[in-house]
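Data first, discussion second: the structure below is written as structure tokens.
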Amino acid sequence: METTHNTILITGGGTGIGRGLAEAFHALGNQVIISGRTHKSLEETAAANPGMRFLTVDMTDAASIRDFADRLAREFPALNVVVHNAGIMRPEKLLAQPEELADAEATVATNLLGPIRLTAALLPLLQKQARATLMTVSSGLAFVPLALTPTYCATKAAIHSYTQSLRYQLKETHVQVIELIPPYVQTHLMGERQANDARAMPLAEFIAEVMSILQSQPDATEVKVGRVQAQRTAAEGGQEKYQEFFLKFNDAMSQGR
């Protein structure tokens, strides 16, 4: 991926990793459009970065996504990069779930169906560009799940799988497919505790390392900072080693919760 001279959409761009990426790409002179459901955070981010644009969209709603894609095509016909960053993460007690499963269903709709629907809606526009990139955002939890958030982890594992298939199907096109695999990062995804957790990677450090990888490895298919490497490769040590890693990881993460 070339990191300059792009028109870039970043979903969930008003806060956290999305905002960090948006501001980093904006600083490089790209036209950046951020999207999300919360008008206030989008407006504040755009105001802090003159020239950045924002649009609201409900990533759980198919009709909203179609309307959003149509508007993007009209207002930003040069759009050539899409970063599927929007996501939610909620704890679930599987032994005491309510019948309606609202948290699980919202997580699947936002984290999995949202990127699938938006990719389908925007792919015709991306294929018109001389060069284009689709970047999905999975997680280290796609490879070693956090038992506290089972549906979130399942959606991220699904995004990893979907990304591989998408890349293969687009291999004869000029649309590059990249998977960004974050570790545990200091954001408000799970509230103030995560944002201030010393065990999490500082957001600024994460963004800086991601941008360095993108600039030094333009043909990368996966963007993995150093802190996520152990999770990404945990299964390579065999089932026994993986189970040991899984238990140690979940025991450590459950402390203090």
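Filtered by the rule that a residue be free of Cβ contacts under 8 Å to residues at least 60 places away in the same chain and touching a Lys or Arg at 6+ places or on another chain (Cβ under 9 Å), segment 206-218 gives GLU209, ILE213. Residues that are out of contact with any helix residue (DSSP H, G or I) (no Cβ under 7 Å at 6 or more places or on another chain) and part of a strand (DSSP E or B) were ranked within segment 150-179; the one that is nearest to GLY87 (Cα to Cα) is ILE178. One residue stands out in segment 37-84 among those that are acidic (Asp, Glu) and buried (at least 16 other Cβ atoms within 10 Å of the Cβ): the one that is nearest to THR4 (Cα to Cα), namely ASP58.
Being free of Cβ contacts under 8 Å to residues at least 40 places away in the same chain, within 16 Å of ALA120 (Cβ to Cβ) and either outside any helix (DSSP H, G or I) or of a type in the set (Gly, Ala, Ser) (or both) is the filter here, so list the residues in segment 62-106 that pass it. Within segment 62-106, ALA63, SER64 qualify. Looking at segment 142-150, is at least one residue at pLDDT 95 or above and more than 25 Å from ALA96 (Cα to Cα)? Looking for residues that are at pLDDT 95 or above and more than 25 Å from ALA96 (Cα to Cα), one finds at least one in segment 142-150, hence yes.
Collect the residues in segment 184-243 that are within 22 Å of HIS160 (Cα to Cα), of a type in the set (S, T, N, Q), out of contact with any helix residue (DSSP H, G or I) (no Cβ under 6 Å at 6 or more places or on another chain) and part of a loop (DSSP other than H, G, I, E, B), keeping them in residue-number order. Those that are within 22 Å of HIS160 (Cα to Cα), of a type in the set (S, T, N, Q), out of contact with any helix residue (DSSP H, G or I) (no Cβ under 6 Å at 6 or more places or on another chain) and part of a loop (DSSP other than H, G, I, E, B): GLN217, THR221, THR233.
Is it the case that segment 138-154 has a residue that's under 15 Å from the mean Cα position of the chain (by Cα) and within 23 Å of GLU2 (Cα to Cα)? The answer is yes; a qualifying residue exists. Taking the criterion of being of a type in the set (Lys, Arg) and either touching a helix residue (DSSP H, G or I) at 6+ places or on another chain (Cβ under 6 Å) or more than 19 Å from ASN80 (Cα to Cα) (or both), the residues of segment 3-59 that qualify are ARG19, ARG37, LYS40.
The values are calculated or read from the model by the stated rules, or taken from the named source; none is laboratory data. Keep in mind that what you see is a predicted model, and the values were worked out from it rather than measured. With ideal geometry, Cβ positions are generated from the backbone for all residues, glycine too; neighbour counts draw on all protein chains shown.
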